[in-house]
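The values are calculated or read from the model by the stated rules, or taken from the named source; none is laboratory data. All figures in this text were calculated on a predicted structure; none of them were measured in a lab. Here the Cβ positions follow ideal geometry from the backbone for every residue, glycine too, while neighbour counts run over all protein chains shown. Surface accessibility is based on the protein's heavy atoms, side chains included, excluding ligands, DNA and RNA. Shrake-Rupley method; radii C 1.70, N 1.55, O 1.52, S 1.80 Å.
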Amino acid sequence: MADTQARPKIQKSMEEWRRKLTPEQFHVMFEKGTERAFTGKLVNNHEDGIYHCGACNAPLFTSETKFESGSGWPSFYQPVSPDAVIEHEDRSYGMRRVEVTCATCGAHLGHVFPDGPRPTGERFCINSASLQFEKSSS
């Protein structure tokens, strides 16, 4: 689990998040929904830049760690920093998985699996609806 002591927390009511986000973003990030595979706006994004939390804009992943997993969701082998995300045990739907949330605001991002590439061997499988992409200026 990531150390989150250094990152300031953002706390809003569910109604505040609902007003700020689209219905799909709210469903994914605060009702722990999942967008359908291969439908997210960032699954085929290959530009250089930073992927931020779609709710609070905290930096989460870089394009340097994105890879093609074939899963239908943007996949990364590590977060931008160890304290960017928090991992939680998820036993929903009769499965045992590891949920990933934004360390800054608590938004649901997706799940992490132990079948990713080197150097970490992890696959952070993240919903596009949970992300905003900021293209590099260079």
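Some notes on this structure:
- Entry comment: accessible area of segment 54-95 is 48 Å² per residue, from protein heavy atoms only and a probe of 1.4 Å.
- Cβ-placed point charges (K, R +1; D, E -1), dipole of the chain about Cα centre in debye, nearest 20: 280
- Residue-averaged 222 nm ellipticity for the chain, from DSSP H runs of 4+ at -39500 (n - 2.57), nearest 500: -3000 deg cm²/dmol
- Surface composition of the chain: carbon plus sulfur atoms contribute 50% of the solvent-accessible area (1.4 Å probe, protein chains only, all chains present).
- Taking a ≥ b ≥ c as the square roots of the eigenvalues of the Cα gyration tensor, segment 1-81 is classed as oblate, since a/c reaches at least 1.5 and a/b does not exceed b/c.
- Relative contact order for the chain, counting Cα pairs under 8 Å that sit 6 or more residues apart, in percent: 29
- Listed by chain and number, the lysines whose C-alpha is less than 24 Å from the C-alpha of residue 20, apart from same-chain residues fewer than 8 away, are 9, 12, 32, 41, 135.
- Free-standing Cys, the chain [no other Cys Cβ under 4.7 Å]: 125
- Sparse-neighbourhood loop sites, GluC sites (Glu not before Pro) in segment 1-108 - DSSP loop, at most 16 other Cβ within 10 angstrom: 31, 47, 68
- Stretched out straight at 0.36 nm per residue, the stretch from residue 96 to residue 81 would grow longer than its current Cα-Cα span by 2.9 nm.
- The loop-placed chymotrypsin sites (Phe, Trp or Tyr not before Pro) in segment 6-90, going by DSSP, that have at most 16 neighbouring Cβ atoms within 10 Å of their Cβ come out as 38.
- Within segment 22-111, the trypsin sites (Lys or Arg not before Pro) that combine a DSSP coil assignment with at most 11 other C-beta atoms in a 10 angstrom radius are 36, 91, 96.
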